[in-house]
1. In region 8-18, what residues are under 20 Å from THR32 (Cβ atoms) and open to solvent by 50 Å² or more (accessible area, probe 1.4 Å)?
2. Here are some conditions: (1) free of Cβ contacts under 8 Å to residues at least 24 places away in the same chain; (2) within 12 Å of the chain's Cα centre (by Cα); (3) closer than 30 Å to MET1 by Cα. ALA78 meets all but one. Which one does it not meet?
3. Which residues, counting only those in region 70-102, are buried (at least 20 other Cβ atoms within 10 Å of the Cβ), in a helix (DSSP H, G or I) and in contact with a Gly (Cβ under 8 Å, 6 or more places away or on another chain)?
4. Six or more apart or on different chains, Cβ under 6 Å: which pairs go from a residue in region 129-140 that's assigned to a helix (DSSP H, G or I) to one that's open to solvent by 50 Å² or more (accessible area, probe 1.4 Å)? Could you list them?
5. Out of GLY67, GLY44, GLY37, I need the residue that is open to solvent by less than 30 Å² (accessible area, probe 1.4 Å) and in contact (Cβ under 8 Å) with a residue 60 or more places away in the chain. Which one?
6. Being at pLDDT below 95 and either more than 16 Å from ligand 1 (Cβ to nearest atom) or not in a strand (DSSP E or B) (or both) narrows it down to one of ALA125, ALA108, ALA154, so name that one.
7. Taking region 47-63 only, how many residues are of a type in the set (A, V, I, L, M) and either open to solvent by less than 40 Å² (accessible area, probe 1.4 Å) or assigned to a loop (DSSP other than H, G, I, E, B) (or both)?
8. How many residues does region 129-143 hold that are of a type outside the set (S, T, N, Q), open to solvent by less than 70 Å² (accessible area, probe 1.4 Å) and away from ligand 1 (no atom under 16 Å from the Cβ)?
Amino acid sequence: MVTLTVNGREQRFDGNPEMPLLWYLRDVLGLTGSKYGCGMALCGACTIHLDGVAMRACVTPVSAAQGRTVTTIEGLSADGSHPVQQAWTELNVAQCGYCQCGQIMQAASLLKDKPKPSDADIDAAMVGNLCRCGTYTRIRAAIHLAVEKTGGGA
Ligand code: FES
Ligand code: FES
C-alpha cells in the first residue's frame, strides 16, 4: 500500500508500487494534465512536483511518493491564478499545448527555488522541457513576467 497526497488529498494505492507515477495520476486518478511524451525523462511533458520540486513522473515509481506530496498542474492553483499560469495566459505561450503543463510545472519549481532567475538560470532549468512547436522565446518571456507579477517572491 502506498499512501501519498495528491493535490491536497490523501490517496491510498494498493496496486503495483512500481507503476510509473504518471500512469497512476492519469489512469487511476484521472489527472490528465501531465502528458506522456518520451517515457524516458527526456522531454519533460510529464513534469509534476514531488514535495515542491519538479520531477519526471514517467520514470518515478508510485512507491517513490510514499508519504510525500505530489502536485500536478491541476493542483498548482485552485483557479489558474498562480503567477506562472497568469503570465502564460497573458503572453499566449501555448501553441498546440501538449508540452505546456510540464513547462509550467518546471517554471513554477524554478521560481520557488530562484525567485529572480537570470536568462542563464531559466535556460538551465528549462533545458529538459522540449517543445516541438518552438515556444521557447515566449516561455522565457512568461517566466520573466511571472517574476514581475510576484515582485520576485514567487
Ligand atoms: S514523458 Fe516523462 S520526460 Fe518525457
Ligand atoms: S506547445 Fe506544442 S509541443 Fe509545446
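1. Filtering region 8-18 down to residues under 20 Å from THR32 (Cβ atoms) leaves 8-9, 11, 13, 15.
Answer for region 8-18, where residues must be under 20 Å from THR32 (Cβ atoms) and open to solvent by 50 Å² or more (accessible area, probe 1.4 Å): GLY8, ARG9.
2. It fails just one condition, (2).
3. Matches in region 70-102: ILE73, CYS101, GLY102.
4. Between residues of region 129-140 that are assigned to a helix (DSSP H, G or I) and residues that are open to solvent by 50 Å² or more (accessible area, probe 1.4 Å), the close pairs are ARG138/LEU91.
5. Details: GLY67 fails: open to solvent by less than 30 Å² (accessible area, probe 1.4 Å); GLY37 fails: open to solvent by less than 30 Å² (accessible area, probe 1.4 Å).
Residue meeting the stated conditions: GLY44.
6. Details: ALA125 fails: at pLDDT below 95; ALA108 fails: at pLDDT below 95.
The match here is ALA154.
7. Filtering region 47-63 for residues of a type in the set (A, V, I, L, M) gives 48, 50, 53-55, 57, 59, 62.
With the extra rule that they be either open to solvent by less than 40 Å² (accessible area, probe 1.4 Å) or assigned to a loop (DSSP other than H, G, I, E, B) (or both), the set shrinks to 48, 50, 54, 57, 62.
Residues meeting the conditions: 5.
8. Of all residues in region 129-143, those of a type outside the set (S, T, N, Q) come to 130-134, 136, 138-143.
This time we only want the ones that are open to solvent by less than 70 Å² (accessible area, probe 1.4 Å), so: 131, 133-134, 139, 141-143.
The next check asks that each one be away from ligand 1 (no atom under 16 Å from the Cβ); those that pass are 134, 139, 141-143.
The number of residues fulfilling the criteria is 5.
The values are calculated or read from the model by the stated rules, or taken from the named source; none is laboratory data. The structure displayed is predicted, hence computed values, not measured ones. Neighbour counts are summed over all protein chains in view; Cβ atoms, including those assigned to glycine, are modelled from backbone coordinates with ideal geometry. What goes into the accessible areas is simple: the full protein's heavy atoms, side chains included, and nothing from ligands, DNA or RNA. Shrake-Rupley method; radii C 1.70, N 1.55, O 1.52, S 1.80 Å.
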